[in-house]
Amino acid sequence: MKKRIVLLALCAVMQAVPAHGQKQVVQDGIAVKPIERDSLKARWRDFTAPEKAIDQQSAQQYTSLMSQAQQKDALVPGGDPRVKRLRAIAQRIIPQTARWNSAAQQWKWQVNLLNSNQVNAFCMPGGRIAFFTGIIDKLKLTDDEIAAVMGHEIAHALREHGRERQSASTTTGLITGIGGAIASAWLGYDVRGLANTAGKVVVLKFSRDEEREADLVGLDIAARAGYDPRAGVALWNKMAALNQRAPIELLSTHPGGANRIAQIESHMNVLLPLYARSKGTSVDRLPPYRTNLASR
């Protein structure tokens, strides 16, 4: 009976912790969690993940990373055509970002390229972007696909996912830590490890939701900037081919490739008109999307 009660309690924790963030609004045809500024949740987030502290930490980490890369001759110079390409794409995307977070108008945007085989890119809070040469070279990304990646990473910063994740992690740790200690004292044996595992699964759920949101918001700003949103489908097909042994979705911070492709395709009725409008044409007159074959 006691074991059953503990399991029920852990399930309740997994359900209760994310419940405060379930509310969604639809903006430009995309369901997103609103960025709350004046609510109990917002005040708790500001306490557990202060915006100013997050921004300062981000600036320090980014500067340190670029400095280390330069010392190791891994920071690609600004005059390199590949860096110019990235920055030109960013210059078109950045003006579209304020619709998703007005604070982006004050961000000091940076775009850099690191010489690394990693298939990765990121955007830290405040608009600090970095791409790795591996993602461009191994996937042979077109400009539209670079825009899809860049839009996705920028969307994480715009929607403040880093702050939400840190706040969620802190909250989950507090709840599962206290709950696990109480349950251990009552049962007479230690269940804190089980409680901690349950909490981690909750945080992963937050992450997967944020990835889905970033996919669509990222393609929205890319499409408005004149980049084909169908590139998102091509991109994730390439990623799936490159990473055949991906971890199962339940324990991954990223949704499965098939799931995110299906979500992107289900929003083409919203995204494609934006792209067509930026090109001064209609959806039915758009040519088929063409990609490059990725490296084997």
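We did not get these values from a lab; they are worked out from the coordinates using the rules stated. Everything numeric in this text was worked out from a predicted model, so none of it was measured.
In the structure shown, do any of K72/K138; K108/K279; K84/K108 have a Cα-Cα gap over 25 Å, and if so which?
As for pairs spanning more than 25 Å Cα to Cα, those are K108/K279.
Secondary structure note: in the range 60-158, about 50% of the DSSP beta bridges are antiparallel.
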